[in-house]
Amino acid sequence: MIFRNYPVLRLLLPYVAGIVVAYTTNLNFNYYWLTPVAGICLLLSYLTYKFQKYGQEWISGILMQFGFIFFGITLTSTAYHHQNEDYNLLNDNKLWIAKVEEQPVAKAKSVKVVASICQPNNYTALKQKAVLYLAPDSCRNVQQGQIILFSTYLSEIAGPENPYAFDYKQFMKRKGIGYTAYVPKMSWKIIGQEQGHYVMTSAGKIQHYFSGIFSDVGMSGDEYSIITAILLGNDETMNPSLKSSYAAAGVSHILCVSGMHVGIIFMILDFLLKPLGFNDKTRLLKTIILMLFIWAYACITGLSPSVTRAATMFTFVSVGGLLRRNTNIFHSLYASLFILLLIKPLLLFELGFQLSYLAVFGIVLFQKMIVSLWTPKNKILSYFWNLISVSMAAQISTFPLSVFYFGQFPNYFLLANMSVIALSFIVVVSGVVLLSVSFIPFVSTAVSWVLTKEIQLMNIIITGIEGLPGAVTENISISFEQMILFYALISFIYLMIIKKKKTFYWCSLSILLFIIILFDIDKYRTQNIDNHIVFKINKTQAVEFSHHGSGVIFSDSLRNKESSDYGFSIKNYERHERIVSKIVNLDTMDYENDYLLKHHNFIITNQKIYYLKQKKDKLWDKNRYLSVDSVLIL
């Protein structure tokens, strides 16, 4: 891959740089003036290109680069930093009108609604969205596109309250959502239907209708959750433990609609429309029908990053085939990436978007290299070897990012992918068939039974792989800098194999050495820390004392590390600080190990005395002297 052969990169890279600058800096100035500056830079770039002298091409190039940097800053700032403008107004009001933006999701005790907030007096839309939890009412069934009137105070979404915890506030802010509220019964009502957003509103209704078909034919529980997730993009009802099992096996990508699913739909449609390929006019009609169905499916599944990427790439491939032009996969990748970021710059920071593109780049770069290592003579072996090579290529390009975010690596990912990929293909096809024959009672019942058994078999395989010894390497901690170095190492190893130059060999060796040094420094830092921390967990008291990489968690309700409270509030902290801990009941009167002694509410560790003040404890008698270094209020 030669850089100069891909001119779209000259626009994409500075534009991405502008997005990163705007996202990582707090722009306190009026960024709108950058728009005309970007336009002037691009105009001067064009004029310089037209009238430049030989050897001055670099001037036009630099102007163009700056133009797209400013352009990226403007678009990102418009989508991200303006959300602070309405905060005070939102905090001071109670009566609101909201436009339902996404298909509502039924929870155990409420209905989750993502809505745009308007002022009730003049219907003026604010630059803010909120997640509303409406108390369910049998008389009212809210739908996407409807307008509701509700009365409650909006609360700003809280940031992380424990170190290294998932930043839900930042995650929602990238989606334009800054507030949340619970709306009780009799405090909301539907007052109308929005006229705009017809496509997405209709797509949401179709998704709801298709989900209803799976429910009506008798599918329920995990089987219903999985088919609606992998075919329709609705994973709200999925059991968290089942998600964890798929992640541990290294096949969590199956549970979300991705390029594979779009490809299956494309293949089915392409086969059905094959008779339309006999002349130019019918080929044009075939391409239009294909694109309409692919983008309709993308809308139905919620336009997730992986689906929009796949739909965009299939659009380029189809148009290229219609024009009888060979489509370069890298051109398609760069062009689709550029288009999607122009529409929504903050997609760059979505994990699903990052993993989707990294996986495709990895398959394109490494798959042929891996598959060429062995040429099986048997067709069955050849099929599985190709499957393995695709899985390995995708894993090579995504594992540094996955480890950075999740801190674990599925050791049996090859076995899981070999076992499940083909079965998931069958599940998707069966799901499409079921939707197609749902109006035929006996046939739909039979297909539903087959589909249920397929999903049950897939779950049995996944849980079996998860239960194998050493299925997952957990608590892996790498820094952002180490992740970047891992990608640099992968790049230089690839160049070393392709170019066969010693320069890339020495670069790879140097980066590997640097990674090891950084790892040792970080390990030395964490292994020499004595610390204590009181975790903030809803309805749970927990305090941890750590000493040189070992820790003890005293808690009133945590009993093991499988609980969601531990995973959400404590696990990431221990992973980053490389702490191996033990959970002890807070009410234990006496506990002792090599570095800590607990007696009643007193903790002695690191030559300090701590007093644990629980909610149920009365304050110490004021007439008695208590000599401690710290009082920890749980």
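The values are calculated or read from the model by the stated rules, or taken from the named source; none is laboratory data. Everything numeric in this text was worked out from a predicted model, so none of it was measured. Ideal geometry is used to build each Cβ from the backbone, glycine not excepted, and the neighbour counts take in all protein chains shown. With ligands, DNA and RNA removed, areas are computed over all heavy atoms of the protein, side chains included. Shrake-Rupley method; radii C 1.70, N 1.55, O 1.52, S 1.80 Å.
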Exercise. Has segment 562-577 got any residue that is of a type in the set (S, T, N, Q), in contact with a Gly (Cβ under 9 Å, 6 or more places away or on another chain) and closer than 29 Å to Leu401 by Cβ?
Worked result: yes
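Of all residues in segment 614-634 being at pLDDT 75 or above and farther than 17 Å from Asn585 by Cβ, which is surrounded by the fewest Cβ atoms within 10 Å (Cβ to Cβ)?
So the first thing to find is which residues in segment 614-634 are at pLDDT 75 or above, and the list is 614, 627-633.
Subsequent filtering for residues that are farther than 17 Å from Asn585 by Cβ retains 627-631, 633.
Details: Ser627: 6, Val628: 15, Asp629: 12, Ser630: 11, Val631: 13, Ile633: 12.
Checking each candidate, the answer is Ser627.
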For this session: Spot the failing condition for Gly352; the list is (1) buried (at least 20 other Cβ atoms within 10 Å of the Cβ); (2) under 19 Å from Gly263 (Cα atoms), and only one is missed.
Result: (1)
Seminar exercise, completed: Apart from one, (1) of a type outside the set (Lys, Arg); (2) in contact (Cβ under 8 Å) with a residue 24 or more places away in the chain; (3) buried (at least 18 other Cβ atoms within 10 Å of the Cβ) all hold for Ser389; the odd one out is (2)
Seminar exercise, completed: Of the listed residues (Ser508, Ser555, Ser581, Ser546), the one being over 25 Å from Ile633 (Cα atoms), buried (at least 17 other Cβ atoms within 10 Å of the Cβ) and over 28 Å from the mean Cα position of the chain (by Cα) is Ser508
For this session: State all residues of segment 402-424 that are in a strand (DSSP E or B) and surrounded by fewer than 19 Cβ atoms within 10 Å (Cβ to Cβ); if no residue qualifies, say none.
Result: Phe409
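Among Leu284, Leu303, Leu242, Leu290, which is touching a helix residue (DSSP H, G or I) at 6+ places or on another chain (Cβ under 9 Å), in a helix (DSSP H, G or I) and open to solvent by 20 Å² or more (accessible area, probe 1.4 Å)?
Values: Leu303 fails: in a helix (DSSP H, G or I); Leu242 fails: open to solvent by 20 Å² or more (accessible area, probe 1.4 Å); Leu290 fails: open to solvent by 20 Å² or more (accessible area, probe 1.4 Å).
It is Leu284.
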For this session: Would you mind telling me which numbered condition in (1) of a type outside the set (A, V, I, L, M, F, W, C); (2) open to solvent by 40 Å² or more (accessible area, probe 1.4 Å); (3) over 22 Å from Ile497 (Cα atoms); (4) outside any helix (DSSP H, G or I) Pro376 fails?
Result: (2)
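I want to confirm something. Restricting to segment 584-613 and keeping residues that are among the hydroxyl-bearing types (Ser, Thr, Tyr) and open to solvent by 30 Å² or more (accessible area, probe 1.4 Å), which single residue is nearest to Ile529 (Cα to Cα)?
Let us first name the residues in segment 584-613 that are among the hydroxyl-bearing types (Ser, Thr, Tyr), namely 588, 591, 595, 605, 610-611.
Next, from what is left, pick out any that are open to solvent by 30 Å² or more (accessible area, probe 1.4 Å): 588, 591, 595.
Numbers: Thr588: 25, Tyr591: 22, Tyr595: 13 Å.
Going through the qualifying residues, I end up with Tyr595.
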For this session: Say whether the condition of being small (Gly, Ala, Ser) and under 26 Å from the mean Cα position of the chain (by Cα) is met by at least one residue in segment 484-502.
Result: yes
Exercise. When residues of segment 48-60 are filtered for being exposed (fewer than 15 other Cβ atoms within 10 Å of the Cβ) and either modelled with pLDDT of 75 or more or closer than 19 Å to Leu13 by Cα (or both), how many remain?
Worked result: 2
Exercise. Met369 is checked against (1) assigned to a helix (DSSP H, G or I); (2) over 30 Å from Tyr80 (Cβ atoms); (3) open to solvent by 40 Å² or more (accessible area, probe 1.4 Å); (4) without any contact (Cβ under 8 Å) to a residue 60 or more places away in the chain and fails just one. What number does that condition carry?
Worked result: (4)
